[in-house]
Amino acid sequence: MIEMDNFELNVKIELIYEDDETTEGIIHDFLDDKLYVAFIADDKKFKLLYIDEVVTCVVFKGIYGYSFEATITNRIIGDYPIYELSNLCNFIRVQRRDDVRVDCVDTLEYSISPSLLNLSIPELEKKIVGNNKYFKPGIVLDLSGGGIKFSCEKSLNKDQLILFKLMIDKENMLLKGKALHKSINMSSNDTMYTYGVQFIDITELQRERIIKYLFVLMRKNKQNKR
């Protein structure tokens, strides 16, 4: 049986449905193992969902973030729409300071320019918007709310500070990190370097965005295995 302690009323909950689109609501009630989620109908992110549709839900509570799957079993019409979610299962919980890593292969851009690394993120967002001359290409190998593993063609020193430009949920995110581990992959054609990096100066809002994005990736990975 699912405990009420897993949910906190009036807390934001995000529902991920087909094509990895999302809509946000508020936890309205939890009764008889059924979760009731309220939405503001005129919210731009509101999406009409259908009975028997299976969704992935993402909630943050304190230092924890977790996801689970549920089936929409009723739609209650009133001053604002309320969806009844049943068959809650496949709970995944991560602690924000001890995040799960998710394998993924994607492109990124990085820079080790001291002139950039000495700037704050707000200053960087103004300086480099639409300008890629400071960055080199790399490949994401795995990602978590606390760090990243990536590969590139350049040999970097351990403890090197790195600025990343990552695409998170269709939006660019600037993050700083510190290289903790390094490995070399050589072939007859080229040499690639792989680094394990810990994010530094990351905000809780940025970490929360990454974790939500990781739940989407886990959903995709699970669907691909079916």
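The values are calculated or read from the model by the stated rules, or taken from the named source; none is laboratory data. Not measured: the values here are computed from a predicted model. Glycine also receives a Cβ, built like all others from the backbone with ideal geometry; neighbour counts cover every protein chain displayed. Ligands, DNA and RNA are excluded from the accessible area calculation, which covers all protein heavy atoms including side chains. Shrake-Rupley method; radii C 1.70, N 1.55, O 1.52, S 1.80 Å.
Per-residue answers, yes or no, for (1) assigned to a loop (DSSP other than H, G, I, E, B); (2) more than 14 Å from residue 80 (Cα to Cα); (3) open to solvent by 40 Å² or more (accessible area, probe 1.4 Å); (4) at pLDDT 80 or above:
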position	(1), (2), (3), (4)
14	no, yes, no, yes
24	no, no, yes, yes
30	no, yes, no, yes
43	yes, no, yes, no
52	yes, yes, yes, yes
55	no, yes, no, yes
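Pick out the one residue from 176, 212, 165 that is over 21 Å from residue 111 (Cβ atoms) and touching a residue at least 40 places away in the same chain (Cβ under 8 Å). Don't jump to the end; show me each part of the working.
Details: 176 fails: over 21 Å from residue 111 (Cβ atoms); 165 fails: over 21 Å from residue 111 (Cβ atoms).
Just a single option satisfies the conditions, and that option is 212.
With the requirement that a residue be in contact with a helix residue (DSSP H, G or I) (Cβ under 7 Å, 6 or more places away or on another chain) and among the hydroxyl-bearing types (Ser, Thr, Tyr), what does the stretch 145-186 give you?
none
Considering (1) under 20 Å from the mean Cα position of the chain (by Cα); (2) closer than 18 Å to residue 102 by Cα, say which one residue 195 fails and leave the rest.
(1)
Can residue 115 be described as among the small types (Gly, Ala, Ser), farther than 23 Å from residue 94 by Cβ and assigned to a helix (DSSP H, G or I)? Before you say what the answer is, go through the steps one by one.
Values: among the small types (Gly, Ala, Ser): yes; farther than 23 Å from residue 94 by Cβ: yes; assigned to a helix (DSSP H, G or I): yes.
So residue 115 fits the description; yes.
Please determine whether any residue of the stretch 133-149 is under 28 Å from residue 94 (Cα atoms), in contact (Cβ under 8 Å) with a residue 60 or more places away in the chain, open to solvent by less than 10 Å² (accessible area, probe 1.4 Å) and part of a loop (DSSP other than H, G, I, E, B). Lay out the reasoning, then the answer.
Of all residues in the stretch 133-149, those under 28 Å from residue 94 (Cα atoms) come to 138-149.
Subsequent filtering for residues that are in contact (Cβ under 8 Å) with a residue 60 or more places away in the chain retains 143-146.
Narrowing further to those that are open to solvent by less than 10 Å² (accessible area, probe 1.4 Å): 143-145.
Now narrow it down to the ones that are part of a loop (DSSP other than H, G, I, E, B): 144-145.
Yes: one or more hits.
Has the stretch 78-99 got at least one residue that is in contact with a helix residue (DSSP H, G or I) (Cβ under 6 Å, 6 or more places away or on another chain) and at pLDDT 85 or above?
No, the stretch 78-99 has no match at all.
Can you find, within the stretch 190-217, the residue that is farthest from residue 169 (Cα to Cα) among those that are out of contact with any Asp or Glu (no Cβ under 9 Å at 6 or more places or on another chain) and not in a strand (DSSP E or B)?
Out of the qualifying residues, it is 201.
Please go through the stretch 77-90 and pick out each residue that is open to solvent by 10 Å² or more (accessible area, probe 1.4 Å) and in contact (Cβ under 8 Å) with a residue 40 or more places away in the chain. First the steps, then the outcome.
At the first step, the residues of the stretch 77-90 found to be open to solvent by 10 Å² or more (accessible area, probe 1.4 Å) are 77-82, 84, 87-90.
Passing the criteria: 80, 81, 82, 84, 88.
Would you say residue 74 is open to solvent by 80 Å² or more (accessible area, probe 1.4 Å), modelled with pLDDT of 80 or more and under 15 Å from residue 33 (Cα atoms)? Steps first, please.
On the way: open to solvent by 80 Å² or more (accessible area, probe 1.4 Å): no; modelled with pLDDT of 80 or more: yes; under 15 Å from residue 33 (Cα atoms): yes.
Considered against the rule, which asks whether it is open to solvent by 80 Å² or more (accessible area, probe 1.4 Å), modelled with pLDDT of 80 or more and under 15 Å from residue 33 (Cα atoms), residue 74 comes out as no.
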